[in-house]
Amino acid sequence: MKEITLKTPTSESKVYCGANAFKSYISEYKNKQIFLVTDTNVYAIYSKLIDDTFGSNCPKCVFEAGEQSKNPQTLFRILNLMLSSGMRRNCTVIAFGGGVVGDIAGLAAALYMRGVHLVQVPTTILAQVDSSVGGKTAVDMCGVKNVIGTFYQPERVIADPMFFATLPEREVKCGLGEIIKYGALDGNIYLKLIENVEGLNCESFLSEIVFDCIRHKAQVVESDERDENGARKTLNLGHTTGHALELFYGNKSHGEYVLIGMYCELQLARKYGICGGQYAKNIEMLVLKVLEQLPQFKDIQSAANVALHDKKNDDDNIVLIVPEREGKCAELKLPLLEYKKFLKDCFDNAR
Ligand code: NAD
Ligand code: ZN
């Protein structure tokens, strides 16, 4: 079991990571007033564990699984249920699920009576390495992702690898996408990935690497909690292109789009002389290990236009975070036209 303390100017979160973390670090909440938030898929699998841990009468909201539920209606349903079940100012919201549950339950915890305790129990790899740590909470509205939200740090994050056993393959791929992103940001993670490239989804390896990713993210968040000085922006490596394609095509998992984005942006870094040699080959190898092959998309130039709305952009330039060398990434700014042409060439060359 490993432990991290994440300190910000106004909060302190404890992150517990490893086998048995759930059993060991949830027990003290049994005697507190809690409200559990989860989704239908997670509840279908873990209702017994939830009932055994918190009692079958524990007040809860189980909403329909999927990003389409991450909206103000579900948020207000949770708040309503909290009020009607008598939640007090010192209650604890337990977010038990993937990133959708974590984001929406986190926002409910931040809003209810101006803020109650929050514990994140992330059950997807993506939620463990990314969304449960760092305090970003949000819901989508009118088709715009994460447009209503706040920073609200959980008092505890419990990242237990036992939940990975039930994940569908697509969600494992999604999590590995983010883990490989950390490999391009952190030299230690990079070396472990290269050494274990044949066993990326074995449970003991995942458990170890998830901790390393959380530690990396915690350090970044400590230095830039509110996404203001550029440090947190690095976590967006692969995401400029990945998000644009995800928004335009939307038929693969987020992590797969991140990997596709990383592949393209690595080629950009090569083209502009930022990244090269064996390091670039290794990053490409890791990306393709999970992605298998670069898919083909129709009308890639129109998809590239979506990158214009990326929040990192300045004026008319597309801003990308690209791999540079072990443990270091770089920022690259490109005019939209150049970016579009590059993206088209990148997919044509991969045919
Ligand atoms: P998700 O919560 O939708 O989970 C993916 C699917 O896996 C769902 O169908 C869910 O029901 C199911 N699932 C969850 N745990 C399971 C388990 N143990 N076994 C079987 N099935 C399980 O999606 P996600 O990929 O975890 O998270 C994506 C969300 O996270 C997005 O809304 C994204 O915006 C958000 N996000 C937030 C941050 C942040 O900093 N707050 C960072 C990255 C992503
Ligand atoms: Zn991501």
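The values are calculated or read from the model by the stated rules, or taken from the named source; none is laboratory data. Bear in mind the structure is a predicted one, so any value in this text is a computation, not a measurement. When we count neighbours, we look across all protein chains shown, and the Cβ atoms used for this are built from the backbone with ideal geometry, even at glycine. Heads up: the accessible areas ignore ligands, DNA and RNA and are worked out on the full protein's heavy atoms, side chains in. Shrake-Rupley method; radii C 1.70, N 1.55, O 1.52, S 1.80 Å.
Considering segment 63-90, and only residues there that are open to solvent by less than 50 Å² (accessible area, probe 1.4 Å), hydrophobic (A, V, I, L, M, F, W, C) and within 19 Å of ALA110 (Cα to Cα), the residue that is farthest from the chain's Cα centre (by Cα) turns out to be MET87.
Could you say which residue among VAL306, VAL322, VAL287 is β-branched (Val, Ile, Thr), in a helix (DSSP H, G or I), modelled with pLDDT of 95 or more and under 23 Å from the mean Cα position of the chain (by Cα)? Before the answer, list the steps.
Values: VAL306 fails: modelled with pLDDT of 95 or more; VAL322 fails: in a helix (DSSP H, G or I).
Every option except VAL287 fails the conditions.
Across segment 247-264, the number of residues qualifying as small (Gly, Ala, Ser) and surrounded by fewer than 19 Cβ atoms within 10 Å (Cβ to Cβ) comes to 1. For segment 137-148, the set of residues classified as more than 8 Å from ligand 1 (Cβ to nearest atom) and either open to solvent by 30 Å² or more (accessible area, probe 1.4 Å) or of a type in the set (D, E, K, R) (or both) consists of MET141, CYS142, GLY143, VAL144, VAL147, ILE148, listed by residue number.
Tell me the residue from LYS340, LYS298, LYS311 that is within 16 Å of ligand 2 (Cβ to nearest atom) and modelled with pLDDT under 95, please.
Values: LYS340 fails: within 16 Å of ligand 2 (Cβ to nearest atom); LYS298 fails: within 16 Å of ligand 2 (Cβ to nearest atom).
Result of the check over LYS340, LYS298, LYS311: LYS311.
If you check LEU294, LEU343, LEU332 for being hydrophobic (A, V, I, L, M, F, W, C), under 30 Å from ILE189 (Cβ atoms), in contact with a Ser or Thr (Cβ under 8 Å, 6 or more places away or on another chain) and buried (at least 16 other Cβ atoms within 10 Å of the Cβ), only one passes: LEU343. Here GLY273 meets each of (1) modelled with pLDDT of 95 or more; (2) more than 13 Å from ALA184 (Cβ to Cβ); (3) within 13 Å of ligand 1 (Cβ to nearest atom) with one exception, condition (3). The residues of segment 158-189 that are under 14 Å from GLY327 (Cβ atoms), in a helix (DSSP H, G or I) and open to solvent by 10 Å² or more (accessible area, probe 1.4 Å), listed by number, are GLY187, ASN188. Looking only at residues of segment 91-136 that are within 16 Å of ligand 2 (Cβ to nearest atom) and assigned to a strand (DSSP E or B), we find that the one that is surrounded by the most Cβ atoms within 10 Å (Cβ to Cβ) is PRO122. Filtered by the rule that a residue be open to solvent by less than 80 Å² (accessible area, probe 1.4 Å), under 21 Å from VAL210 (Cα atoms) and not in a loop (DSSP other than H, G, I, E, B), segment 6-27 gives LEU6, SER13, LYS14, VAL15, TYR16, CYS17, ALA21, PHE22, SER24, TYR25, ILE26.
What number of residues within segment 232-265 are part of a loop (DSSP other than H, G, I, E, B) and within 11 Å of ligand 2 (Cβ to nearest atom)? I'd like the intermediate steps shown before the answer.
Taking segment 232-265 as the starting set, the residues that turn out to be part of a loop (DSSP other than H, G, I, E, B) are 237-238, 249-253.
Of the ones still in play, those that are also within 11 Å of ligand 2 (Cβ to nearest atom) are 237-238, 253.
Within segment 232-265, residues that are part of a loop (DSSP other than H, G, I, E, B) and within 11 Å of ligand 2 (Cβ to nearest atom) number 3.
Residue pairs whose Cβ atoms lie under 7 Å apart, separated by 6 or more positions or on different chains, with the first residue in segment 255-270 and under 10 Å from GLY177 (Cα atoms) and the second aromatic (Phe, Trp, Tyr) and more than 15 Å from ligand 2 (Cβ to nearest atom), do not occur.
Of all residues in segment 141-157, which are in a strand (DSSP E or B) and modelled with pLDDT under 95?
Initial filter on segment 141-157 (in a strand (DSSP E or B)): 141, 144-151, 156-157.
The answer is MET141, VAL144, LYS145, ASN146, VAL147.
Summed over segment 219-246, residues that are surrounded by fewer than 22 Cβ atoms within 10 Å (Cβ to Cβ) and away from ligand 1 (no atom under 12 Å from the Cβ) total 11. In summary, GLU228 fulfils each of the numbered conditions (1) part of a helix (DSSP H, G or I); (2) closer than 22 Å to PRO154 by Cβ with the single exception of condition (1). Residues of segment 28-52 that are over 24 Å from the mean Cα position of the chain (by Cα) and surrounded by 20 or more Cβ atoms within 10 Å (Cβ to Cβ): ILE34 alone.
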